[in-house]
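These notes are about the structure you will find just below.
The values are calculated or read from the model by the stated rules, or taken from the named source; none is laboratory data. Keep in mind that what you see is a predicted model, and the values were worked out from it rather than measured. Virtual Cβ from ideal backbone geometry, glycine too; neighbours counted across all protein chains shown.
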Amino acid sequence: MSSMKNTAAQSGLASTASKRRFLIRMVTVLIGGMFLDGYVLGIIGPVSGTMAEDLQLTAVWQGLIAAAALIGILIGSPVGGWISDKWGRKPIFMFDIGLFAVASAMQFFIDSPAWLLVVRLLMGIAIGTEYAVGWPLMAEFSPTHLRGRLMGAMGIAWYAGFMIAFLVGHLLTEFTALSWHFILGTSTFIAVALFLARLGMPESPRWLWSVGRKDEARALAYKYMPDDALDDVQHEDVRKGSFGMLFSREYWRSTLFISGFWFCAVTPYFAIATFADSVLEQYGLAGGLAGGVGLSAIALAGVILTFLLIDKAGRRVLTVPTQWLCAVVLAVIGLWAGAPAPVVLVLFLVFSFFNAGYNTLTNVYPGEVLPTEIRGIGTGFATAVSRIGAGIGTFLLPLSMENLGPGPTMLIAAFVALAGAALSQWLAPETKGKSLTEAAAGYAH
């Protein structure tokens, strides 16, 4: 009898250890996807001058190529999310990293602006698809008590990928004779490694249950998910999702919140971060590498702090007050025309720190407040809305700085932040410690 008990205990421990190993693998490949997204976008910066000269890019071509990735994300995120809700997470999970690898490898052979445009478009589609499937998968497999931190870690990975790519690109450009084709193509090695690591990954048990494949869902949940997750999986509704459900009586608040919050969070951030040098110079501050890196470094610190606090302090306290603070900071910059340069710098650093913090929550909330049957399309839709905001901010900021001046421009940014704060004050839920089923039902009860 004692031997049988010991065997059962060892079996239980082995099962727990196996689930832990799987979770580590799943988290690694999902975080790797975000790292690759940041890397792909960051690696082009150090070689952009050489590339533009070699391909003889006109201003029109430069604008089209810069917009291609955004257009790709606008296509890939809602389409990828819709497909993942309809046919499963696993197929699209493998497709997007495969597309990444192919598009990245094409960079070795670019010989015209048109090819560069195609490659950037394909990469944007892959990035958008990764957003739409990666965050839902992370939410669906994560233990409740770790879900916020694991999803927040994906934001850290993006920043790390972008900064490492910039460093790698700079070092290879300065100290080697490698062509810009090869430097851009270094992302291929990461993409291929991730593709191989994703082979054999299972389908989401939550998705399987939501489409009525209960036996498969139950078997995979027993094998891969924490012991307390099976009961929550069995609380999933079995029903077919649709795009229209995002605007139904049950879920329109969730859709409005995640889309509006994300739009208002990234619009001023992308504008100020993209043109950090010129914005700082308008206020008499030193631009150049130090200014941009300073804002990026403080933003990364904000993301890390949010990662550490999210499952302890909760979502709402990290979402609502920080947006009000950023709105006030931007308003002070806009209204205080004669502010000393050091004060302006401190205010910009405060904005970057807290804005990056609540931007981390834009990655967490979509996976939590929507049910499984529309989690993919909802995340994809919110991603697309956010990228429209990023594009508007990036496009309009230099025009506003030139025609209206820095003061009114910062007041416009403050108004956008204020709108996000008011929306979050109204709709931001507290999902800390709740199962996905409970979190998604927040507005429905």
Of the candidates 325, 330, 361, 335, the one satisfying the condition of being closer than 30 Å to residue 247 by Cα and modelled with pLDDT of 90 or more is 361
Looking only at the range 177-219, count every residue that is closer than 20 Å to residue 130 by Cα and among the small types (Gly, Ala, Ser) and tell me the total.
7
Are any of the residues in the range 400-410 surrounded by 17 or more Cβ atoms within 10 Å (Cβ to Cβ), out of contact with any strand residue (DSSP E or B) (no Cβ under 6 Å at 6 or more places or on another chain) and without any contact (Cβ under 8 Å) to a residue 60 or more places away in the chain?
yes
Just to be sure before I move on: is residue 233 buried (at least 23 other Cβ atoms within 10 Å of the Cβ) and not assigned by TED's automatic domain parsing to the domain that holds residue 388 in the structure I sent?
yes
Members of the range 324-353 that are in contact with a Pro (Cβ under 9 Å, 6 or more places away or on another chain), assigned to a helix (DSSP H, G or I), of a type in the set (A, V, I, L, M, F, W, C) and farther than 16 Å from residue 298 by Cα
330, 333
In the range 51-76, which residues are at pLDDT 85 or above and either surrounded by fewer than 17 Cβ atoms within 10 Å (Cβ to Cβ) or out of contact with any Leu (no Cβ under 6 Å at 6 or more places or on another chain) (or both)?
53, 54, 55, 56, 71, 73, 74, 75, 76
From the options 370, 361, 436, residue that is touching an Asp or Glu at 6+ places or on another chain (Cβ under 9 Å) and either without any contact (Cβ under 8 Å) to a residue 40 or more places away in the chain or buried (at least 24 other Cβ atoms within 10 Å of the Cβ) (or both):
436
Residue by residue through the range 194-209, note down the ones that are outside any helix (DSSP H, G or I) and aliphatic (A, V, I, L, M).
199, 201
So the helices (runs of 4 or more DSSP H) completely within the range 74-191 holding 3 or more residues that are within 28 Å of residue 231 (Cα to Cα) are 89-106, 113-141, 147-175
Condition broken by residue 212, with the remaining ones in (1) farther than 15 Å from residue 372 by Cα; (2) exposed (fewer than 15 other Cβ atoms within 10 Å of the Cβ) satisfied
(1)
Please indicate, with yes or no, whether at least one residue in the range 22-31 is among the charged types (D, E, K, R), at pLDDT 80 or above and in contact with a Pro (Cβ under 9 Å, 6 or more places away or on another chain).
no
